[in-house]
1. How fast does segment A:384-436 diffuse by Stokes-Einstein, in µm²/s, taking the Kirkwood radius from C-alpha pairs at 10 °C and 1.306 mPa s?
2. Let me check the size of segment A:246-341 from its C-alpha atoms; what are the radius of gyration and Dmax in Å?
3. Restricting things to alpha carbons, tell me how big segment A:337-411 is in terms of Rg and Dmax, in Å.
4. Can you list the HN-Hα couplings for segment A:164-176, worked out from phi with the Karplus curve (6.51, -1.76, 1.60; θ = phi - 60°), rounded to whole Hz and with x for Gly and Pro?
5. Given a 1.4 Å probe and heavy atoms of the protein chains only, how would you sort A:GLU12, B:GLU38, largest accessible area at the top?
6. Note down the Stokes-Einstein diffusion coefficient of segment A:92-165 in µm²/s, whole number, using a Kirkwood radius over alpha carbon pairs, 25 °C, and 0.890 mPa s.
7. Against the globular-protein guess of 2.2 N^0.38 Å, express the Cα radius of gyration of segment A:32-163 as a ratio, rounded to two decimals.
8. What does the convex hull of the Cα atoms of segment A:1-110 come to per residue, in Å³, rounded to a whole number?
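The values are calculated or read from the model by the stated rules, or taken from the named source; none is laboratory data. All values reported here derive from a predicted model rather than from experimental measurement. Methodologically, a virtual Cβ is constructed for each residue, glycine included, from the backbone with ideal geometry; neighbour enumeration extends over all protein chains shown. These area figures cover heavy atoms from the full protein model, side chains too; ligands, DNA and RNA do not enter into them. Shrake-Rupley method; radii C 1.70, N 1.55, O 1.52, S 1.80 Å.
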Amino acid sequence: MSDDLAFASIRELGRRLRAGETSPIALAEYFLDRLDTVGRSLNAVVTLAREHALREARLAEEELRAGYDRGPLHGIPYGAKDLLATVGLPTTWGAAPLREQEFPYDATVITRLRSAGAVLVGKLAMVELAGGMGYQQPNASLTGPGLNPWNPEAWSGGSSSGSGSAVGAGAVPFAIGSETWGSILTPASYCGVCGLRPTYGRVSRHGAMALSWTLDKLGPLARSADDCGLVLSTLAGADPSDPTTLPVAWAYRPEQDRSSSFRLGVLRDGLDQMQPAVSANFEAALDTLATSASLEDVTLPDFPYGEATSIILGAEAAAAMADLIEGGALAALTAPEDRVGGYAGTEIPAVDYLRAMRVRRLAGRALDSLLARYDAVVCPTTAVVASPLTRRFDDYAGKVRRLAIGSAGNLAGLPAISVPNGFGERGLPTGLQFVGRAGSEAAILAVARCYQSRTGWHQRHP
Amino acid sequence: MATAIPGDASGRTDQLVQVRLAALQARYPGRFDADGLERLRQQLRRSVEAAAALRRVALSNADEPEPIFHAQPREE
């Protein structure tokens with residue numbers, strides 16, 4: 001089987017399946033092999049789901065042969081971040097003390113993907129406890145540091161490390177990740193793939209590890225914005241098992257979206273402190289976007305986004321992980337800083353948490369007023385390319401490690417998509433993000449597709 | 001009336017960090033070595049400073065938190 005399958009889009013794989021050029025079983029075997037070799041070499045794999053995958057692939061093959069077509073994901077292999085419960089497979093949360101953990105039920109996203117005919121080929125590596133204990137360097141997972149497919153001396157990003165690097169390396173066509181504060185967009189940017197953080201509540205969190213009930217989101221990492229839209233269409237929807245899910249349905253209908261005449265707000269906050277290649281690639285992207293969009297400089301409303309997010313995350317994570325904290329299991333985590341990270345959150349006063357939630361409300365309103373004027377706000381996804389494995393994040397990225405838009409977007413539950421827009425130092429990708437108002441996934445996907453129709457960065461691969 | 005509470009003087013931050021650190025040591029005796037205590041001190045400082053930054057945002061009595069509770073019929 002030719003290697004071009006490794007980097008084919010979901011639509012292309014689907015076309016080949018329906019043309020009889022390949023089969024669900026052949027695809028499953030191919031990507032199982034890719035995960036077992038390339039994926040493992042990047043520390044991207046926790047569990048290879050061989051039997052599980054072949055069982056699902058056989059069913060998909062029989063159904064497609066019988067003319068029962070479940071849609072664009074039917075027969076397409078994927079990987080799931082190892083914080084999603086899956087019957088019959090361990091779900092480690094990336095944490096050494098939980099390496100044997102299993103759940104007797106499937107996460108809702110796993111169920112929905114199965115219903116769409118997608119084939120789960122592996123549970124993918126992640127930063128232990130989704131980074132909620134405050135890791136400061138790449139070696140913070142039971143599978144070791146996530147390695148970057150473009151340069152294995154660099155980090156993959158996290159906490160959806162395996163999801164980013166496995167997609168980037170062509171070891172799966174798409175993957176599911178989670179984001180509490182940067183965990184989809186960062187690995188997407190660092191690994192040169194597309195990552196979509198949906199609106200809070202768009203995708204059910206049932207069966208996913210809870211780190212922060214009011215910040216956690218699940219979303220896809222894939223080859224293109226179009227692929228992200230196809231996957232989100234399957235994931236989205238109300239779920240009685242997750243009372244925070246939005247009651248409104250969402251479907252991906254790219255044919256109904258505009259393809260030009262977009263209105264974009266351009267956020268240049270911190271641009272002068274970013275790596276030169278990040279700034280240069282951003283300016284080049286704006287030139288491209290200017291051919292199909294009006295651009296207007298904007299600034300974020302003035303709020304302590306990072307501080308509010310850190311208080312909310314710290315308090316909720318300490319509560320969500322109380323069993324691990326009280327029982328002393330944190331001591332067995334990989335990163336030394338994670339072994340004490342949860343304790344500080346237990347000392348956050350309730351009034352501080354509530355103040356953060358009050359500020360959150362004001363900030364959300366102010367952000368919505370800004371975003372209502374645009375299809376999206378555009379800015380670099382990260383200020384730097386992936387850090388070397390040997391460097392602490394703060395030492396490498398300095399004050400711009402966390403951009404205000406990342407804190408603001410997660411605090412307000414806003415959708416965002418990161419797409420590749422070039423390369424920087426050490427041959428590593430840079431990313432461009434489009435952030436929209438709550439519920440505007442269709443708009444940010446349309447802008448991202450427009451950008452990708454005019455550039456070829458998303459078609460590059462290691 | 002909206003009120004913004006002034007930020008902390010650094011001495012007060014140190015005191016708050018120390019109080020919280022002592023509380024953690026009392027709740028979890030013997031769990032932290034010197035390195036762990038120093039990491040903990042840094043993390044506690046960040047959350048004390050974050051809370052101080054939040055107190056600089058003017059809030060009125062009418063400014064409610066993002067909803068974290070909804071009364072609704074429940075199926076038992």
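1. It comes out at roughly 127 µm²/s.
2. According to the Cα coordinates of segment A:246-341, Rg and Dmax are 21.4, 58 Å.
3. Rg then Dmax for segment A:337-411, in Å: 16.4, 44.
4. Taking θ as phi minus 60°, the curve returns x, 6, 5, 5, x, 8, x, 8, 8, x, 8, 8, 9 Hz for segment A:164-176.
5. B:GLU38, A:GLU12
6. 183
7. My calculation over the Cα atoms of segment A:32-163 gives 1.10.
8. Measuring per residue, one finds 106 Å³ for the Cα hull of segment A:1-110.
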